[in-house]
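To start, the structure under review is shown below, and the notes come after it.
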Amino acid sequence: MIKFEQLMYEAQISSHRDQKFSIKIEIDTNPPEGANLKTNIVNKYFLVSFLSYDIHSLFAGKLHALLSRKYTKGRDYFDLVWYLSRWKNITPNISLLQNALKQTGWRGEMPSADTWRDFLCKTVKELDWHDVENDVRNFLENPSDMDIFTKNNVLNLIRGEN
């Protein structure tokens with residue numbers, strides 16, 4: 001974790017002098033095969049270039065977490081809503097998703113381009129939604145977002161109905 005003190009204030013992003021900007025760096029020393037990479041160049045406050053997964057590979061990583069995590073992490077479902085509401089026709093990088101699932105010991109049928117939504121719906125339906133809400137609530141800037149973040153709305157987004 002790298003923390004920059006006063007950077008947000010000095011870049012005039014925040015009016016709070018004591019607000020910190022933190023970057024968490026995670027290195028996967030054994031990433032699954034199949035990711036598509038892209039180079040991003042950003043010139044908002046200063047010029048920077050970075051290599052990242054494309055949006056379909058990032059989405060596959062999120063689906064992997066949702067389908068294989070042994071505990072409920074509500075923030076993953078909030079991220080899912082972000083993906084599905086921002087890119088209505090998003091599809092996961094199926095090759096990366098399947099390789100990630102194999103790597104973490106997935107048993108049974110693999111999600112495909114035609115069935116990944118069914119796998120997600122099944123996962124969401126089996127959740128105790130109160131656990132999801134309790135985790136997410138602490139991270140929201142606007143508490144009224146919880147009015148929209150409902151199990152039914154999430155299922156509708158997964159099915160492509162919103």
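The values are calculated or read from the model by the stated rules, or taken from the named source; none is laboratory data. Computed from a predicted model, the values in this text were never measured in an experiment. When we count neighbours, we look across all protein chains shown, and the Cβ atoms used for this are built from the backbone with ideal geometry, even at glycine.
Determine, yes or no, whether LYS151 is farther than 19 Å from SER85 by Cα and either modelled with pLDDT of 95 or more or not assigned by TED's automatic domain parsing to the domain that holds TYR77 (or both).
Taking the combined requirement at face value, the residue does not satisfy it.
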Starting from segment 98-124, keep only residues that are at positive phi, then list their pairs with residues that are in a loop (DSSP other than H, G, I, E, B) whose Cβ atoms are within a distance under 6 Å, requiring at least 6 positions of separation or different chains. none
Looking only at residues in segment 20-44 that are among the aliphatic types (A, V, I, L, M) and within 19 Å of the chain's Cα centre (by Cα), which one is nearest to ALA100 (Cα to Cα)? ALA35
Out of segment 119-139, which residues are closer than 15 Å to LEU67 by Cα and surrounded by 14 or more Cβ atoms within 10 Å (Cβ to Cβ)? PHE119, LEU120, CYS121, THR123, VAL124, LEU127, VAL132
If you go through segment 52-71 one residue at a time, do you hit one that is touching a Leu at 6+ places or on another chain (Cβ under 9 Å), outside any strand (DSSP E or B) and touching a residue at least 60 places away in the same chain (Cβ under 8 Å)? no
What number of residues in segment 1-46 are part of a strand (DSSP E or B) and out of contact with any helix residue (DSSP H, G or I) (no Cβ under 7 Å at 6 or more places or on another chain)? 14
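Look at ARG159 and say whether it is of a type in the set (Lys, Arg), touching a residue at least 24 places away in the same chain (Cβ under 8 Å), within 30 Å of THR29 (Cα to Cα) and surrounded by 13 or more Cβ atoms within 10 Å (Cβ to Cβ). Please lay out each step first, then the result.
Numbers: of a type in the set (Lys, Arg): yes; touching a residue at least 24 places away in the same chain (Cβ under 8 Å): yes; within 30 Å of THR29 (Cα to Cα): no; surrounded by 13 or more Cβ atoms within 10 Å (Cβ to Cβ): yes.
Taking the combined requirement at face value, the residue does not satisfy it.
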ILE13 vs. criteria at pLDDT below 90 and touching a strand residue (DSSP E or B) at 6+ places or on another chain (Cβ under 9 Å): yes
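For (1) in a loop (DSSP other than H, G, I, E, B); (2) in contact with a strand residue (DSSP E or B) (Cβ under 8 Å, 6 or more places away or on another chain); (3) not aliphatic (A, V, I, L, M), each residue gets a yes or a no:
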position	(1), (2), (3)
LEU101	no, no, no
GLY105	yes, no, yes
ASP114	yes, no, yes
LYS122	no, no, yes
VAL136	no, no, no
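Taking the options ASP145, ASP131, name whichever one is in contact (Cβ under 8 Å) with a residue 12 or more places away in the chain, outside any loop (DSSP other than H, G, I, E, B), over 29 Å from ALA35 (Cβ atoms) and touching a helix residue (DSSP H, G or I) at 6+ places or on another chain (Cβ under 9 Å). So that I can check it myself, show each step before the final result.
Working: ASP145 fails: in contact (Cβ under 8 Å) with a residue 12 or more places away in the chain.
Being in contact (Cβ under 8 Å) with a residue 12 or more places away in the chain, outside any loop (DSSP other than H, G, I, E, B), over 29 Å from ALA35 (Cβ atoms) and touching a helix residue (DSSP H, G or I) at 6+ places or on another chain (Cβ under 9 Å) holds for just one of ASP145, ASP131, which is ASP131.
Condition test on ALA60, is it in the same structural domain as PHE119 (by TED's automatic domain parsing) and of a type in the set (Gly, Ala, Ser)? Write out each step before concluding.
Details: in the same structural domain as PHE119 (by TED's automatic domain parsing): yes; of a type in the set (Gly, Ala, Ser): yes.
Answer is yes for this residue.
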